[in-house]
Amino acid sequence: MGLLRRFLWPAIWLLVLLAFPLVWDTPFQQRLGTLVLLYAIAASAWNIVGGYAGQVSVGHVVFFGCGAYGALATYTHLGLPPIAGLPLGVAASVAIAAVVGVPTLRLSGHYFSMATIAVAELVRLVVANTEFLGAAVGLSGPTVPRSVLDLSFTSSLPYYYLFLAVLAGTLALTWRMENSRMGYYLRAIKDSERAARSLGAAASRYKMRAYLLSAALTAVAGSMYAIMIGFIDPESGLGILISVKILIMAALGGTGTLFGPLVGAAILVPLEEISNNVFGGGGAGLTFVVYGAVIMLLARFQPGGLLELLGRLRARAAGRGARRAA
Amino acid sequence: MLLEGRDVTVAFGAFRAVDGASVGVREGEVLGLIGPNGAGKSTFFNCLTGDLTPTQGSVHFAGQDVTRLPPEDRAALGIARSFQVPLTFEGMSVLDNVMIGAFLRTAHTGEARERAGAVIERVGLAPFAHASARSLGTPGRKRLEIARALATEPKVLLLDEAMAGLTPTEVRQAIALVRAIHQSGITLVIVEHIMEVIVTLAERVVVFNQGREIANGTPAEVTSEPQVIEAYLGKRAARAMRRGA
């Protein structure tokens, strides 16, 4: 029974994820599923530093942008497939994270959050004025695929499975971290940094590691985005709204939980896409309203996110069941 | 000396919380630090653990100057502590709390869990191993802090008022635990308000008053010193006691 329960549900969910685009097979539905996975990757990456390490970054778009620009700049200037630029984007992300993290992760409170916003906006302005990176116009990917390596497909289906694989890798890495010394230390540091340090946990070093890992994985998400959409400009690659979106998805599902960001993305991405479809161009403004409402409701009623709420309800139901049996 | 502060001064602006104190603990000893509220004993204690860096003076551990080492590096050398107001990791189970300490000596999760389990057994928290730290009362939390510190396999353990807020029965149980820890070969520094604890546990006592060390000796010696009585009870009481004696 225990074994069944342990493997049955994950197997069912995996099957659902694998079968989704084949069952809901209109282009809109497939694209929707693909976008959910893409944002789930980004939100899961954010979760490593924002959730597990408790350091709320509000400028994660800068890493997303590194990945996206890395991919398309590599194509534009070197003529290589965009995916070849992924390591470049990851390297740039890690470098930026190191520069931001060293002075700010030592400080407690909101300094880190504020610094991340400032850096993201700074990078957006610099990129918007750099010809090499397309300035305000942006960069494009290959319009016609030269080979399969360009990963340029008209259907969303190949992207869906590519993103699913990347998400699986991200979650596997997160799971490993969660159950290792680093995961334990991060939880302890989040709870009481002073106590954790007295027990030998080098707080700033572990926070830094989490930040670097998170930055690298966010860059991967950015590259994936650029490869799929085939276009990037300062607004779509470095706009502050993307940071907020990533953060809210993780918070909605539950920060510091493995599947929270995926749950958050599965709720918010369809909401946004549907509202964009129904309300057309005016819908973009509505998305902001929805995000604002989500932030307020979460802060007031459920700071732990939906997964925590679910766990609580389940515990209550189990309690009732036990009482009835007794 | 295993761990010692030399001419330690901690100044907050013009106020000197610790003023040129030189105190050390020998290997295998139980050293008590006492003094009235605000005497500077906790501040001095925090210099030994690395939570504070002294304004002047130095801290040495096993012959090494550790004045500038952060707490995590001192923990690695073998200095462990408890906190006056327990800082247990509230969101974690008792076992996970102790595992944080055990991870200092092993990177392997399974091994850390095993070692933590053994320490929990030793301090008598085994029935609560899987309870959340939040569910423990004050005595449980204090015990958990000691367990966590022991899991780091320290050479010296510094206890900051580990018995404050306990009932007399709980104090006796805690004394038994601390004595067992000492017998296992760990050097102890205890800051304590409760005289009963100091008298039963400490081999040597250092008395702080207004940031200075005013007495140093066995519990019986220091408690009979007029300066100590004066510091605790005031000048008039000290004179009255002398007249009475």
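Throughout, read-outs are computed from the coordinates displayed, never taken from laboratory work. In this text, all values refer to a predicted model and were calculated from it rather than measured experimentally. Reconstructed Cβ throughout: ideal geometry from the backbone, glycine too, with neighbour counts over all protein chains shown.
Miscellaneous remarks
- Take the Cβ atoms of residue A:135 and residue A:99, set R0 to 35 Å, and the FRET efficiency comes out at 0.90.
- Relative packing of peptides A:142-153, B:158-169 - highest average C-beta neighbours within 10 Å first: B:158-169, A:142-153
- Comparing A:91, A:221, A:40 in a Gaussian network model of chain A (Cα springs below 10 Å), the most mobile by mean-square fluctuation is A:91.
- Under 29 Å of direct C-alpha separation, and excluding same-chain neighbours fewer than eight residues apart, residue B:155 reaches these lysines: A:190, A:207, B:41, B:142.
- Dimensions (Å) - the protein assembly as shown, Cα atoms, principal axes, largest first: 102, 66, 39
- Point-charge dipole on Cβ atoms (K/R +1, D/E -1) for the stretch A:26-325, about Cα centre, debye to 20: 1500 debye
- The protein assembly as shown, dipole about Cα centre (Lys/Arg Cβ +1, Asp/Glu Cβ -1), debye to the nearest 20: 1380 debye
- Computed FRET value (nearest 0.05) for residue B:176 with residue A:114, which takes r as the C-beta separation and R₀ as 56 Å: 0.65
- Rg/Rh (Cα only; Kirkwood hydrodynamic radius) as it applies to chain B: 0.99
- Most mobile of A:124, A:187, A:316 in a GNM of chain A (Cα contacts under 10 Å): A:316
- Debye intensity ratio I(q)/I(0), log10, the stretch B:138-245, q values 0.14 Å⁻¹ (C-alpha model): -0.64
- Among A:194, A:300, A:106, the largest mean-square fluctuation in a Gaussian network model of chain A (Cα springs under 10 Å) belongs to A:300.
- Förster-model FRET efficiency, 41 Å R0, residue A:235 and residue B:90, C-beta, rounded to 0.05: 0.45
- Look at the stretch A:181-194: the mean tally of other chain Cβ atoms within 10 Å of its residues' Cβ atoms is 5.
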